[in-house]
1. Need the failing condition index for Ser64 against (1) within 48 Å of the chain's Cα centre (by Cα); (2) not in a loop (DSSP other than H, G, I, E, B), just the number.
2. Looking at the range 79-122, what strands (runs of 3 or more DSSP E) fall wholly within it and have at least 1 residues that are among the hydrophobic types (A, V, I, L, M, F, W, C) and surrounded by 14 or more Cβ atoms within 10 Å (Cβ to Cβ)?
3. Mind checking which residues of the range 15-28 are surrounded by 10 or more Cβ atoms within 10 Å (Cβ to Cβ), assigned to a loop (DSSP other than H, G, I, E, B) and not β-branched (Val, Ile, Thr)?
4. Hey, Asn335 hits all of (1) assigned to a loop (DSSP other than H, G, I, E, B); (2) surrounded by fewer than 15 Cβ atoms within 10 Å (Cβ to Cβ); (3) modelled with pLDDT of 50 or more; (4) over 60 Å from the mean Cα position of the chain (by Cα) but one; which does it fall short on?
5. Quick one: what pairs do we get from the range 17-35, first residue free of Cβ contacts under 8 Å to residues at least 40 places away in the same chain, second exposed (fewer than 12 other Cβ atoms within 10 Å of the Cβ) and not acidic (Asp, Glu), C-beta under 7 Å, 6+ apart or different chains?
6. Given Thr136, Thr144, Thr130, which one is farther than 16 Å from Ala104 by Cβ and outside any loop (DSSP other than H, G, I, E, B)?
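The values are calculated or read from the model by the stated rules, or taken from the named source; none is laboratory data. Computed from a prediction, not measured in an experiment: that's the story for all the values here. Counting neighbours? That spans all protein chains shown, and the Cβs are built from the backbone with ideal geometry, glycine included.
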Amino acid sequence: MPRNPSTGVYSKPAGTTPSVGQVIDPAPWNALTTDLGNEITNSLPRDGSAPMVSPLKLAAGTVSAPGIGFSSVPQTGLYLKGGGLLGFTQNGVDISFGRASVYAAKSGDYTALATDDNAVLRFTAAATLTLTAAATLAANWQITVIADGGDVTIDPNGSETIDGATTLFVPNGGWANLFCSGSAFFTNKTAAQAFAIANMKWRSRFIGEVVFANTAVTGAEMPPSTTTDTVWIELTMGLTGVGAFNNGKLTTESVSGSAPLVLATAVISFAGSPMNGQTIRLINTESRILRPSASSGTLQDDAFQDHAHGVVGSDGAGGGVAIINNGAGGFSPNNKTANASTAATGGTPRIANETRMKNIGVKAYMRIA
């Protein structure tokens, strides 16, 4: 009979075990030789001259004695891990291989899972990437995060950290490789480098410097409102509420007077600022310009330069009120008055409650840390 397909054990046909003096029956012996020929044909030739025609079944093996090994290095080869996973061993040591990268686009907040191992996550809008606990993700778990449409904040689970910090900020246009140790996360520092480059224009400003931005123009840049790197305040009253530009940076705001002589101040309240506790002018609210001076911080209101005009008036004749002409004689014609009128070069008079130059409104910001 043929080989047992389940055990691989070959049993010869009945009647093929002769005894001395027995007449040989050709039928069972012909069956035996036929079976032997078939099994030899079904055997895998060692010289590789013929391939397998059915699946090859192997012993599961272990990391130190793999199911497939080599005669010269029997501890190197393939074995079956728990859960039906294929294992690779080299000199009795398990070898791990990274998963193939998987790309996925995200347009909002997302929680990274163990199945995202070796994924490339491209965020097309500002978002927060929340990480599952490091112990769950396990050591060697990794992802690549690309910020392509907005800033991305990566937030680990609980008190876990990324490079020792509670969060990682990836600026729009930046990217970061994130690695799990099983208890914490680390990066290749590219996010920090991208952040530094993106914020170089703000880092180059000194503490206390004021910059201006025409925010009425679409696309105009303004300093960051966050406190993750440089810290700025907008010199405008009423922006200290939750989510507002000056939230957590200013306190004790004060405003008095009426236009054009408005006075507006606030006290810097940011522990990381060398200007903490200092009172500053909210010049956007005051509509006050900056002017170089030998006495920094001196305040001045608008004013005309002291000057004189020739007098046009009356000598009092005919019941009018006399205006002395400094001894220069009478007035001609007498009893003359004059109103503001179009001048030869100045054009129609422009009248307002303040003296000002031709201008365009912009917003002022100050770096405080």
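1. All conditions are met except number (2).
2. Counting at least 1 such residues, we get 86-90, 110-112.
3. The answer is Gly15, Pro18, Asp25.
4. Status for Asn335: all satisfied but (3).
5. Taking only residues 6 or more apart or on different chains, the pairs are Pro18/Ile24; Pro28/Ala14; Asp35/Met1.
6. Only one candidate passes the filter, namely Thr136.
Results for (1) surrounded by 19 or more Cβ atoms within 10 Å (Cβ to Cβ); (2) under 15 Å from the mean Cα position of the chain (by Cα), shown as yes or no for each residue.
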residue: Asp151; (1), (2): yes, yes
residue: Gly158; (1), (2): no, no
residue: Asn177; (1), (2): no, yes
residue: Met200; (1), (2): no, no
residue: Glu209; (1), (2): no, no
residue: Val242; (1), (2): no, no
residue: Asn246; (1), (2): yes, no
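Residues checked against (1) at pLDDT below 80; (2) in a loop (DSSP other than H, G, I, E, B); (3) not small (Gly, Ala, Ser):
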{"position": "Pro5", "(1), (2), (3)": "yes, yes, yes"}
{"position": "Pro13", "(1), (2), (3)": "yes, yes, yes"}
{"position": "Asn30", "(1), (2), (3)": "no, no, yes"}
{"position": "Thr33", "(1), (2), (3)": "no, no, yes"}
{"position": "Thr41", "(1), (2), (3)": "no, no, yes"}
{"position": "Ala50", "(1), (2), (3)": "no, yes, no"}
{"position": "Leu56", "(1), (2), (3)": "no, yes, yes"}
{"position": "Ala59", "(1), (2), (3)": "no, yes, no"}
